[in-house]
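Student: Take a look at the following structure, please.
Nothing in this text is a laboratory measurement; each read-out follows from the coordinates by a stated rule. Only a predicted model underlies this, so the values are computations on that prediction, with no experimental measurement involved. Ideal geometry is used to build each Cβ from the backbone, glycine not excepted, and the neighbour counts take in all protein chains shown.
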Amino acid sequence: MLLLMKLASCIDMGLKQKICSFIYYKVLGWKTKVTVPDHPKYIICCGPHTSNWDLFIGKLFYAAIGRKTQFMMKKEWFFWP
């Protein structure tokens, strides 16, 4: 999935949205019900997570609806054992 998202970032935004939309809706079988207005910027805080896939599913969802996303993580997640 990450490989497809990196590949899609090098491609036209419309194609990236189509690829992510296909994966999100067809492959994973998710449905969307957005009940908030479409503002130009958001700050969304999430936690606790149900799994480590939440970040990737969230980024895939936003790419499927054509929005750009960024994220922040605390420094403790970036360590080398």
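Student: Setting aside same-chain residues fewer than 8 positions from residue 31, which lysines have a Cα under 19 Å from its Cα?
Tutor: 16, 18, 59
Student: What are the trypsin sites (Lys or Arg not before Pro) within region 12-49 that DSSP puts in a loop, where the Cβ has at most 10 other Cβ atoms within 10 Å?
Tutor: Hits after loop and neighbour filter: 31, 33, 41.
Student: Please identify the chymotrypsin sites (Phe, Trp or Tyr not before Pro) of region 42-79 that satisfy two criteria: DSSP loop assignment and at most 16 other Cβ atoms within 10 Å. Which are they?
Tutor: Details: sites: 42, 53, 56, 61, 62, 71, 77, 78, 79; in loops: 42, 53, 71, 78, 79.
Those satisfying the criteria are 42, 53, 71, 78, 79.
Student: If each of residue 31 and residue 15 carries a label point 7 Å out from its Cα toward its Cβ, how far apart are those two points in nm?
Tutor: 3.2 nm
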